[in-house]
1. Picking from A:Val65, A:Val57, A:Val47, A:Val73, which residue would you name as being within 11 Å of DNA strand D (Cβ to nearest atom) and within 13 Å of chain B (Cβ to nearest Cβ)?
2. Could you tell me which of the residues A:His8, A:His50 is in a loop (DSSP other than H, G, I, E, B) and more than 9 Å from DNA strand C (Cβ to nearest atom)?
3. Return yes when B:Asn12 is modelled with pLDDT of 95 or more, of a type in the set (S, T, N, Q) and in contact with a Ser or Thr (Cβ under 7 Å, 6 or more places away or on another chain) and no when it is not.
4. Looking at the range A:1-15, I want the residues that are farther than 11 Å from B:Asn12 by Cα and have a partner that is among the basic types (Lys, Arg) and not in a loop (DSSP other than H, G, I, E, B) with Cβ atoms under 6 Å, at least 6 apart or on another chain. Which pairs are those?
5. Quick one: count up the residues across the range A:11-39 that are facing another protein chain (nearest Cβ under 9 Å), over 10 Å from the mean Cα position of the chain (by Cα) and not in a helix (DSSP H, G or I).
6. Among (1) within 18 Å of A:Tyr91 (Cβ to Cβ); (2) more than 11 Å from DNA strand C (Cβ to nearest atom); (3) open to solvent by less than 60 Å² (accessible area, probe 1.4 Å), where does B:Ile36 come up short?
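The values are calculated or read from the model by the stated rules, or taken from the named source; none is laboratory data. Since this is a predicted model, take the numbers as computed values, not measurements. Ideal geometry is used to build each Cβ from the backbone, glycine not excepted, and the neighbour counts take in all protein chains shown. The accessibility values were calculated without ligands, DNA or RNA, using every heavy atom of the protein model including side chains. Shrake-Rupley method; radii C 1.70, N 1.55, O 1.52, S 1.80 Å.
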Number of protein chains: 2
Amino acid sequence: MARTPTTHDPFNAVAEPKRRQLIQALGSKELPVNEIVALLGWNQPTVSKHLKVLKQVGLVGERRVGRQRLYRVNAERLKPIFDWVTPFERYWTERFERLDEVLEQMKKKGATT
Amino acid sequence: MARTPTTHDPFNAVAEPKRRQLIQALGSKELPVNEIVALLGWNQPTVSKHLKVLKQVGLVGERRVGRQRLYRVNAERLKPIFDWVTPFERYWTERFERLDEVLEQMKKKGATT
DNA sequence: TTGACATATTCCGATATGGGAATATAATAC
DNA sequence: GTATTATATTCCCATATCGGAATATGTCAA
């Protein structure tokens, strides 16, 4: 067996740095390939190919208008990644402060020291 | 050029489903290869190989104790993924409710209608 | 039609992957 | 030293990948 295909799921699609850039560049805007090319400075086939992968995984949507194809991010498809990684947030965030908060609350309630 | 190597960054390392399972299985525990094998039901070389990749990217740490090697997750290395994906949360979460909250607040302040 | 513009596809090659099977290394016990 | 346990490494192979260059498709305009 080989590596999991890039089109298998959002995790694999987004492993490619350029594909992440692409998604970020799009943001909430809807852009024609044209402008993406200008924006990122890659050559057109490169952009089209990456868009194809992203479309196959459902990470972007496509709308045809005249000779153009307008692409937009389909953010919901990123949720699996978010959901998988979020539980680990507590290990690097100072949101251990939540614990501190609780302790602070208890102090207040207990009033005198 | 070929695909970005799995050992290049957390994104690529975690693209492999088994590697995600592995990380989840470890959680905050520290386990010897032994138990990981039992826990996941894969064969030992498979586990070792995946651990190797994860270690190279810094996603797990290793501690030697006797003949065993205890592995633990290095959660901070997941932060880049979290940071990249988090900005998109607003597109699928009902935390648009934040907006609603604000509007609600304004209503209250403005009192009458 | 012909041409120009917008985008997609094909062909190529170098490269790494992940699994299985077998084997190597390391550490402890006897 | 020898056996045993714990883990890592090597070899092999089918399979995708990404980029570049060239080319194909599609749509509008004159």
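1. A:Val57
2. Criteria check complete, one pass: A:His8.
3. Yes.
4. Listed by first residue and then by second, the contacts come to A:Pro10/A:Arg77.
5. The number of residues fulfilling the criteria is 3.
6. (1)
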